[in-house]
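Take this structure first; my questions come after.
The values are calculated or read from the model by the stated rules, or taken from the named source; none is laboratory data. All figures in this text were calculated on a predicted structure; none of them were measured in a lab. Cβ sites come from the backbone with ideal geometry, for glycine too, and all protein chains shown count toward neighbours. All accessible areas refer to the heavy atoms of the entire protein, side chains included, with ligands and DNA or RNA removed. Shrake-Rupley method; radii C 1.70, N 1.55, O 1.52, S 1.80 Å.
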Amino acid sequence: MYVSLRLSKGLIHLLLILIMINPIFASGLGGYTGTSNRFTSDPLSAGTGGITLFHKTSTNSYSNNPASQAFFGQSNFDAGLAQLSLGRYIYTVNAGIPLPPTASLSFGLIAAGTRDIEARDSRGFPAGDLSDTEMTYLVSFSNRFSDKLAFGLSLKVLTKHFESDEDWLDLKGSGFGAGLGFVFKPMPGSSFALAIKDWNSSYKWKTQDLFERGSSYQDAFPMSLAWGWLQDMGTFSLAVEHDYYFIDENIYRVAIMWHGFQSLEVNAGASFEDDSVYPGFSARYELSWKEGPPMHIDWGIKIGTPGEGYRNYIGWGVNF
């Protein structure tokens with residue numbers, strides 16, 4: 001046990017050193033579609049720097065690593081919302097059920113968009129308000145092959161809709177995507193995760209009905225390969241994650257979670273992207289009831305890009 005503990009600490013130190021000394025911290029993902037799929041969308045992950053490869057770090061973990069639910073073993077339901085500046089919003093609904101003896105099924109919805117965008121015509125005069133809505137419908141399946149290894153597959157149905165309040169714009173795009181994930185537990189209290197995200201994800205557009213020279217084209221999401229490590233150390237847990245996008249961009253995340261009280265969990269973390277550090281904080285409080293399933297309330301806050309302000313998250317969930 002002593003040797004295992006020393007090995008675990010050594011691996012953690014090595015992972016942190018690799019993350020901190022890597023000079024490439026720019027993400028440069030702002031010009032690519034699928035932002036809502038990359039955005040920190042639930043309150044729990046707001047305080048873990050956006051780490052979403054493990055069930056303990058995100059209520060939406062199954063959408064990024066479909067194998068993350070394999071070791072949970074309970075049915076669950078979670079709902080949350082994010083209050084953002086500039087008329088933006090994110091709503092999430094997630095549910096999962098175990099499929100004995102070793103499998104699990106998860107499904108949910110991520111709704112994101114922007115309201116009340118002021119439109120201007122070619123002369124610069126107001127032309128009403130615009131809104132855009134992105135809907136991601138998710139389903140994932142995972143299975144444990146042993147007490148140490150699990151595999152998962154996720155599928156996404158993607159839709160995006162631009163519209164105006166004066167009915168001069170109504171443009172819809174849609175597509176499909178998939179993801180793969182693995183979780184490996186090399187020793188008690190340790191978890192290694194690996195996932196391929198947004199495989200073949202894209203929006204397909206047809207603009208012939210809107211423009212004289214309209215066309216059909218495909219707007220692809222940037223695919224990424226992500227890995228992470230979660231280490232339990234008594235009342236603390238440490239998690240790290242690296243997202244490598246195949247457009248040669250990187251995002252690094254690190255978080256520490258404290259669960260010293262039976263009903264309270266506190267998380268603090270940060271992401272490293274766009275040459276900047278974006279910290280966050282979250283907490284989960286377990287509600288105690290004499291009867292009925294255990295419920296929890298989640299709250300999170302994350303600092304946005306310069307000039308954006310704070311991103312506020314709140315959520316509710318139940319396990320049964």
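Is it true that L180 is without any contact (Cβ under 8 Å) to a residue 40 or more places away in the chain, surrounded by 15 or more Cβ atoms within 10 Å (Cβ to Cβ) and touching a strand residue (DSSP E or B) at 6+ places or on another chain (Cβ under 9 Å)?
The answer is no for L180.
Here is a follow-up. State the number of residues belonging to the range 34-52 that are assigned to a loop (DSSP other than H, G, I, E, B) and aliphatic (A, V, I, L, M).
Counting residues in the range 34-52 that are assigned to a loop (DSSP other than H, G, I, E, B) and aliphatic (A, V, I, L, M) gives 1.
When the residues of the range 123-152 are narrowed to those that are surrounded by 15 or more Cβ atoms within 10 Å (Cβ to Cβ) and small (G, A, S), which ends up farthest from L105 (Cα to Cα)?
A127
Tell me the residue from S140, S146 that is within 23 Å of F54 (Cβ to Cβ), of a type outside the set (D, E) and outside any strand (DSSP E or B), please.
Matching residue, one of S140, S146: S146.
I'm trying to understand the selection: among the residues of the range 128-167, which are touching a residue at least 40 places away in the same chain (Cβ under 8 Å), of a type in the set (A, V, I, L, M, F, W, C) and in contact with a Leu (Cβ under 9 Å, 6 or more places away or on another chain)?
L138, F141, F151, L153, listed by residue number.
I'd like the full set of residues that are open to solvent by less than 20 Å² (accessible area, probe 1.4 Å) and either aliphatic (A, V, I, L, M) or free of Cβ contacts under 8 Å to residues at least 24 places away in the same chain (or both), limited to the range 53-94.
The answer is L53, S58, S61, A67, A70, A82, I90.
Still on this model: Criterion first (touching a residue at least 60 places away in the same chain (Cβ under 8 Å) and outside any strand (DSSP E or B)) does M257 satisfy it?
Against the criterion (touching a residue at least 60 places away in the same chain (Cβ under 8 Å) and outside any strand (DSSP E or B)), M257 does not qualify.
Looking only at the range 284-320, how many residues end up being in contact (Cβ under 8 Å) with a residue 40 or more places away in the chain and either in contact with a Cys (Cβ under 9 Å, 6 or more places away or on another chain) or among the small types (G, A, S) (or both)?
So the count comes out to 5.
Check off (1) touching a Gly at 6+ places or on another chain (Cβ under 8 Å); (2) open to solvent by less than 10 Å² (accessible area, probe 1.4 Å) for S237 and give me the number that stays unchecked.
Failing condition for S237: (1).
I want to confirm something. Restricting to the range 248-278 and keeping residues that are touching an Asp or Glu at 6+ places or on another chain (Cβ under 6 Å) and buried (at least 17 other Cβ atoms within 10 Å of the Cβ), which single residue is nearest to G234 (Cα to Cα)?
That would be H259.
If I filter the range 223-241 for residues that are touching a residue at least 24 places away in the same chain (Cβ under 8 Å) and under 30 Å from L130 (Cα atoms), do I get at least one hit?
The answer is yes; a qualifying residue exists.
Continuing with this model, one more query. Return only the number of the condition from (1) in a strand (DSSP E or B); (2) touching a residue at least 40 places away in the same chain (Cβ under 8 Å); (3) open to solvent by less than 40 Å² (accessible area, probe 1.4 Å) that F281 does not satisfy.
(3)
I'd like the full set of residues that are open to solvent by 20 Å² or more (accessible area, probe 1.4 Å), part of a strand (DSSP E or B) and in contact (Cβ under 8 Å) with a residue 24 or more places away in the chain, limited to the range 100-122.
L105, F107, L109, T114, R115, D116, I117
Considering only residues of the range 287-304 that are out of contact with any Asp or Glu (no Cβ under 8 Å at 6 or more places or on another chain) and part of a strand (DSSP E or B), which is farthest from S75 (Cα to Cα)?
Among them, the one singled out is I303.
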